[in-house]
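Coordinate-derived values only; no laboratory data. Not measured: the values here are computed from a predicted model. Cβ placement follows ideal geometry from the backbone for every residue including glycine, while neighbour counts extend to all protein chains displayed.
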Amino acid sequence: METGLIRLAWSVIDEGRISVGEPFSMGECVSSVIYEIENRMPLSSQERQQVQQYLSQREQLIQTLIYE
């Protein structure tokens, strides 16, 4: 996955623009991040899949950042 795409994903998470309900749902979170990324740049289906896999593997870190 491209470094710029990784940075953009973390930027979206850091901005707090993702909306997830209680209890934490990783699926909702990933979908929300991908939606925000696609508002800024188009993603190919391969990039979308890479982002989804990348973020899913970092669930605990993302959860900590969201509820910090």
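Does anyone have the angle between helix 3-15 and the longest principal axis of the chain? Alpha-carbon axes, 0 to 90°, nearest 10?
Result, in degrees: 30.
Can you give me the angle between helix 45-56 and the longest principal axis of the chain, using Cα atoms only, in degrees from 0 to 90, rounded to the nearest 10?
30 degrees
Only four residue types carry charge here, +1 at the Cβ of Lys and Arg and -1 at the Cβ of Asp and Glu. Report the dipole size of the chain about the Cα centre in Debye, rounded to the nearest 20.
On the way: 5 positive and 10 negative charges, 33 e Å.
The dipole of the chain has a size of about 160 debye.
Per residue, how much space in cubic angstrom lies within the convex hull of the C-alpha atoms of the chain?
Working: hull volume 5.2 nm³, N = 68.
It is 77 Å³ per residue.
Under the rule of -39500 (n - 2.57) per DSSP H run of 4 or more residues, summed and divided by the residues of the chain, what mean residue ellipticity at 222 nm is obtained, to the nearest 500 deg cm²/dmol? Don't skip to the end; give the middle numbers.
Working: 4 runs with 48 residues, N = 68.
Here the helix-only value at 222 nm equals -22000 deg cm²/dmol.
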